[in-house]
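Reading through the structure tokens given below for one structure.
The values are calculated or read from the model by the stated rules, or taken from the named source; none is laboratory data. Since the model is a prediction, treat every value here as computed from it, not as a measurement. Virtual Cβ from ideal backbone geometry, glycine too; neighbours counted across all protein chains shown. Ligands, DNA and RNA are stripped out before the accessible areas are found, and what is left, the full protein with its side chains, is counted by its heavy atoms. Shrake-Rupley method; radii C 1.70, N 1.55, O 1.52, S 1.80 Å.
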Amino acid sequence: MEKLDFVFWAFRQAAKFLRWIRLHGVIRACRDRVMVGSLRTMHLAVLHRLRRLAFEVEEPGKNLDASSQLALQICTECRKLISRFYELDDNHLHCCFKVFVPQPDEEGKSGDSVETWVRSEPFDDRPAETGDGFPHYVTDNTVWSALLGEYDGNYNWRVFRCFACNDLTAYPKDFRCDRQNWQRYYRSTVVVPIRYPLDIHGQEYKYWGFLAFDSPRTKAFPDLPDIFAYRDDPHAYSDLLEKSAAFHLIGILADIMGTFLRNVETTRGA
């Protein structure tokens, strides 16, 4: 039995016992106590700020520093939410928002690049990517290639809706990343696209960027499947993702962001 399944099973058994001895008020109090912290963070700290951010970034002439500060607050609250879920300390999980940046075609190199917009607090000592003058192309990075269905130089990826791996160092020949010394900063990661459907069936999307979480620990996301083990079997990978509460929570955050930020022009059509 999975850890999360066992927790829910134990809670249900305790609830049955309490109902048997007619302590319905205690049941409601326990249920609310378990849920209210995460729901409050999502509602007031993430969604309300995200609503304000949508107005900030869509109106020309707005203060970009103020928008970035608001985005940093949202990013930090997302980190807190997932940290609470996985019981990780503040410095053992980081979150960032990545956006597409147009690049002029260069000799031997073209395509989309990705840049970190904001990173959650507390910061670690990784160098900032924003404005470093170095284009981070999608096809030079396995994570983004897997989420967009690109060839990363090693593997021709299908389109995956989540990139999850609990030990990137186990795949030195398969994992490509153009950040220098990335192993110093993270071992586990989970990344989902921030996108908005262009049709009612969800066959085409407008991509805005990515919502990414990473940890210096291995096995930081123990309920998520390893994408490298399932890259030739995306259906089995999706089945395992569907069983993960964290995947759905992270997916909710990304989908809401995509909805709010759909009119911002830092996007990629696919």
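If residue 37 satisfies all but one of (1) modelled with pLDDT under 80; (2) in a helix (DSSP H, G or I); (3) open to solvent by 90 Å² or more (accessible area, probe 1.4 Å), what's the number of the condition it fails?
Only one criterion is unmet by residue 37, namely (3).
Considering only residues that are in a helix (DSSP H, G or I) and open to solvent by 20 Å² or more (accessible area, probe 1.4 Å), which ones fall in the stretch 164-181?
Of everything in the stretch 164-181, those that are in a helix (DSSP H, G or I) and open to solvent by 20 Å² or more (accessible area, probe 1.4 Å) turn out to be 169, 170.
Restricted to the stretch 216-246, and to residues that are of a type in the set (Phe, Trp, Tyr) and over 16 Å from the mean Cα position of the chain (by Cα), which residue is surrounded by the most Cβ atoms within 10 Å (Cβ to Cβ)?
Among them, the one singled out is 237.
Which residues, taken from the stretch 247-269, are of a type outside the set (A, V, I, L, M) and either open to solvent by 50 Å² or more (accessible area, probe 1.4 Å) or assigned to a loop (DSSP other than H, G, I, E, B) (or both)? Walk me through how you get there before you give the answer.
First, the residues of the stretch 247-269 that are of a type outside the set (A, V, I, L, M): 247-248, 251, 255, 258-260, 262-263, 265-269.
Hits for the stretch 247-269 are 248, 255, 259, 260, 262, 263, 265, 266, 267, 269.
Among the numbered criteria (1) of a type outside the set (Gly, Ala, Ser); (2) under 22 Å from residue 207 (Cα atoms); (3) assigned to a helix (DSSP H, G or I), which single criterion is violated by residue 239?
So the condition that residue 239 fails would be (2).
So which pairs qualify, if the first residue must be in the stretch 69-89 and in contact (Cβ under 8 Å) with a residue 12 or more places away in the chain and closer than 24 Å to residue 209 by Cα, the second must be open to solvent by less than 30 Å² (accessible area, probe 1.4 Å) and of a type in the set (Ser, Thr, Tyr), the Cβ gap must be under 8 Å, and the two must be at least 6 apart or on different chains?
Note: pairs meeting the criteria are 72/120; 75/120; 76/120; 77/41; 78/120; 79/120; 80/41; 81/41.
Need pairs with beta-carbon distance below 8 Å; first residue more than 19 Å from residue 194 (Cα to Cα) and within the stretch 155-171, second in a loop (DSSP other than H, G, I, E, B) and among the polar types (S, T, N, Q); sequence gap 6+ or separate chains.
166/218; 167/218; 169/218
Please specify each residue of the stretch 40-68 satisfying the condition of being surrounded by 13 or more Cβ atoms within 10 Å (Cβ to Cβ) and among the polar types (S, T, N, Q).
Passing the criteria: 41, 67, 68.
Assigned to a loop (DSSP other than H, G, I, E, B) and at pLDDT below 95: is that true of residue 202 in this structure?
Yes: the conditions hold for residue 202.
From 160, 123, grab the single residue that is among the aromatic types (Phe, Trp, Tyr), assigned to a loop (DSSP other than H, G, I, E, B) and at pLDDT 95 or above. I'd like the intermediate steps shown before the answer.
Values: 123 fails: at pLDDT 95 or above.
On inspection, the qualifying residue turns out to be 160.
Return the residues of the stretch 205-217 that are farther than 14 Å from residue 253 by Cβ and assigned to a strand (DSSP E or B); say none if nothing qualifies. Reasoning before the result, please.
We begin by selecting, within the stretch 205-217, every residue farther than 14 Å from residue 253 by Cβ; these are 205-207, 214-217.
205, 206, 207, 214, 215, listed by residue number.
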